[in-house]
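The values are calculated or read from the model by the stated rules, or taken from the named source; none is laboratory data. Just so it is clear, the model here is predicted, and its values are computed rather than measured. Neighbour counts are summed over all protein chains in view; Cβ atoms, including those assigned to glycine, are modelled from backbone coordinates with ideal geometry.
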Amino acid sequence: MIVLGLESSCDETAAALVEDGRRVLSDVVASQHDVHARYGGVVPELASRAHVQHVVPVVQGALAAANLSLSAIDGIAVTNQPGLVGALLVGLQTAKALAWVTGKPLVGVHHLEGHLSAVFLEPNPPPLPHLALIVSGGHTSIVRVDGHGEVTELGATRDDAAGEAFDKGAKLLGLGYPGGQVIDQLARTGDPRAVVFPKSMTLGEHGADMSFSGLKTALLTHTRAHGVPDGQALADLCASYQAAIVEALVRKTRRVAASEKLRHVQICGGVAANSGLRAAMIAAGAEDGFTVYVPPPGRCTDNAAMIAAAGYHRLRRGEHAGLDLDAKPTAPLPRRAEAS
Ligand SMILES: Nc1ncnc2c1ncn2[C@@H]1O[C@H](COP(=O)(O)OP(=O)(O)OP(=O)(O)O)[C@@H](O)[C@H]1O
Ligand SMILES: [Mg+2]
């Protein structure tokens, strides 16, 4: 089954063709980072406009790269929730139009289910059930994955997402937007013990929940007192800030992996590209006895191959959406009662 995936929930317009939820035939992403960089964050109206400009070319690009015509596809999967509603609508309307003209089945995909599916495009995906740490620009959750699309949230951030902490920290340090990758790069040559950010800032009060807004304030207070450094001191500050985020993510994940008795852990979403997080989680897994799975960096951030992979399982189960399929700006994951 060849599925055309479409993604437009934030600032990437993407289309991909994936066979049987496993084999990527093509994967095209048009990023809008240049459009939003000078505003220090995504401007929803500009995002919608850029999606309109890019959506047809990325679909044509995905078909051309796979050397296939529209008639070769067996179904269409599109991100319909959660995200910027104007941005989501562009991908959704395109998917509906394509489903209508081709007569192929359409299915809506939850964006985070997409992130969770990216690792299944790799040669050795995690077995089910497993634990997943979803860390992206808008979300930070620890979830139990019992099957494709069967997800229970066990912990989450109470305020900012980890990606937001990276981006807002980078903005404060004058490192541009989105800044996660720049902090990651600078942190490689920095000393993570140079600046002490108290652990209580990121760990939150509740079992598997986290908090990142206090850390951002601590960085602001630090720069007000000492100024924004450069050279080695900037690398040290980035390394310390990143270490505080990573420590909270790893500590909570290993705690939940132990209590759920799960020996396979995947990390997904844009922040899963962070080299410090990847290394720390692998080290924790080696100590605690769990195996870590992470998609390659290009499949951690938004792409449509992950949406096609997630959609494949829904289509195979016979799920078909009508042309009344709606876009939803918010769509919380189901949460286990005792964890809330
Ligand atoms: N190497 C890295 N280290 C840390 N953060 C990173 C790295 N690479 C990307 N990021 C962060 O990943 C985020 C983007 O991820 P993603 O594309 O999954 O988010 P999103 O789609 O905007 O949000 P969501 O998936 O929650 O809707 C940004 O916050 C970016 O700074
Ligand atoms: Mg995303």
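Quick look at the numbers
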read-out	value
Residue within segment 91-102 that is modelled with pLDDT of 95 or more, in contact with a strand residue (DSSP E or B) (Cβ under 8 Å, 6 or more places away or on another chain) and in a strand (DSSP E or B) present	no
Hey, Gly289 outside the structural domain of Thr102 (by TED's automatic domain parsing) and touching a residue at least 12 places away in the same chain (Cβ under 8 Å) or not	yes
Total residues in segment 81-104, condition surrounded by fewer than 22 Cβ atoms within 10 Å (Cβ to Cβ) and more than 11 Å from ligand 1 (Cβ to nearest atom)	12
Of all residues in segment 102-159 being of a type in the set (Val, Ile, Thr) and within 16 Å of ligand 2 (Cβ to nearest atom), the one that is nearest to Asp20 (Cα to Cα)	Val119
Boolean, Val78 is touching a residue at least 60 places away in the same chain (Cβ under 8 Å), touching an Asp or Glu at 6+ places or on another chain (Cβ under 9 Å), assigned to a strand (DSSP E or B) and buried (at least 20 other Cβ atoms within 10 Å of the Cβ)	yes
Counted residues, segment 30-72 - those being farther than 16 Å from Glu7 by Cβ and crowded, with 21+ Cβ neighbours inside 10 Å	1
Whichever residue in segment 1-22 is acidic (Asp, Glu) and part of a strand (DSSP E or B) and, among such residues, is farthest from ligand 1 (Cβ to nearest atom)	Glu19
Boolean, Val196 is out of contact with any Gly (no Cβ under 8 Å at 6 or more places or on another chain) and modelled with pLDDT of 95 or more	yes
Segment 293-324: number of residues that are of a type in the set (A, V, I, L, M) and either part of a loop (DSSP other than H, G, I, E, B) or not assigned by TED's automatic domain parsing to the domain that holds Asn80 (or both)	4
Residue match in segment 147-170 (condition: out of contact with any strand residue (DSSP E or B) (no Cβ under 8 Å at 6 or more places or on another chain) and of a type in the set (Ser, Thr, Tyr))	no
Tally of residues being within 16 Å of ligand 1 (Cβ to nearest atom) and in a helix (DSSP H, G or I) across segment 254-292	12
Scan of segment 161-220 for residues that are in a loop (DSSP other than H, G, I, E, B) and either closer than 16 Å to Ser136 by Cα or within 16 Å of ligand 2 (Cβ to nearest atom) (or both), ordered by number	Ala161, Tyr177, Pro178, Gly179, Asp209, Ser211, Phe212
Residue in segment 234-293 that is farthest from ligand 2 (Cβ to nearest atom), counting only those that are closer than 17 Å to Pro192 by Cα and of a type in the set (Val, Ile, Thr)	Val250
